[in-house]
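Visitor: This structure is in C-alpha cells; I'll ask about it shortly.
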Amino acid sequence: NGRGAEHSAGQLLMISTMVSALCSAAILTWNREILQLLFGRVEKSVMQACMTYPRISAYSFAALGIYNAGAAVCRSEGKTSVTLKIAVFSNIVNVAGNVKVPMNIRICTKFLNDLLTIIFTYQLLEILKRNGIPLQSEEFT
C-alpha cells in the first residue's frame, strides 16, 4: 500500500544517510591511517597532498547517499526520466567544474554539485508526495 511504501522510502533515506555519514566520519577521523595502510610510508608533502581529496570528498558522502536513495525510489516508480535528467545536469556541472582549475576548486565544485543533486531529488520526492502520486505502483502490489 501507499503508506507502507512511504514508510519504506523514509527508512531507505534514513539508513542511506546514516551509513554515508558514518563513512564520512570514518574518513575524516582516520584519513591518515587509512592512507598509510594503503600506501605505507611516503614523504610528508606527498601524504599532505594525498589527504586533501578524501577529506573534502568525505563531506559529499551524505549527499550521495541521499541522492542514490531518492533516485532508487524514483526508479522503482518508473520515473526514470527525471533521475536521468538530474544525472545529466550533475555531469554537466562536474565537467564544467573540472576544466583547467586547481584540485581544491574541482573538489568544491563536486561538493556543490552533489548538494544541488540532492536538493533536486528531495524536491522531486516532495512534489510527488504533495500531488498525491503514490510511491508504489499498483502493478507491484
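The values are calculated or read from the model by the stated rules, or taken from the named source; none is laboratory data. Everything numeric here is computed off the predicted structure, so don't read it as measured data. Cβ atoms come from the backbone with ideal geometry, glycine included; neighbour counts cover every protein chain shown. With ligands, DNA and RNA removed, areas are computed over all heavy atoms of the protein, side chains included. Shrake-Rupley method; radii C 1.70, N 1.55, O 1.52, S 1.80 Å.
Visitor: Name every residue in segment 1-50 that is charged (D, E, K, R) and open to solvent by 80 Å² or more (accessible area, probe 1.4 Å), in order of residue number.
Guide: 3, 32, 33, 41, 43, 44, listed by residue number.
Visitor: Given the conditions (1) modelled with pLDDT of 75 or more; (2) over 15 Å from the mean Cα position of the chain (by Cα), which single one is not true for residue 115?
Guide: Going through (1) modelled with pLDDT of 75 or more; (2) over 15 Å from the mean Cα position of the chain (by Cα) one by one, residue 115 breaks only (2).
Visitor: Mind telling me which of the residues 63, 5 ends up being closer than 21 Å to residue 116 by Cβ, in contact (Cβ under 8 Å) with a residue 24 or more places away in the chain and either among the aromatic types (Phe, Trp, Tyr) or in a helix (DSSP H, G or I) (or both)?
Guide: None of the others qualify; the one that does is 63.
Visitor: Find all pairs meeting these conditions: Cβ atoms under 9 angstrom apart; at least six residues apart or on different chains; first residue within segment 81-94 and open to solvent by 80 Å² or more (accessible area, probe 1.4 Å); second residue of a type outside the set (A, V, I, L, M, F, W, C).
Guide: Here the result reads 91/113, each pair linking segment 81-94 to a residue that is of a type outside the set (A, V, I, L, M, F, W, C).
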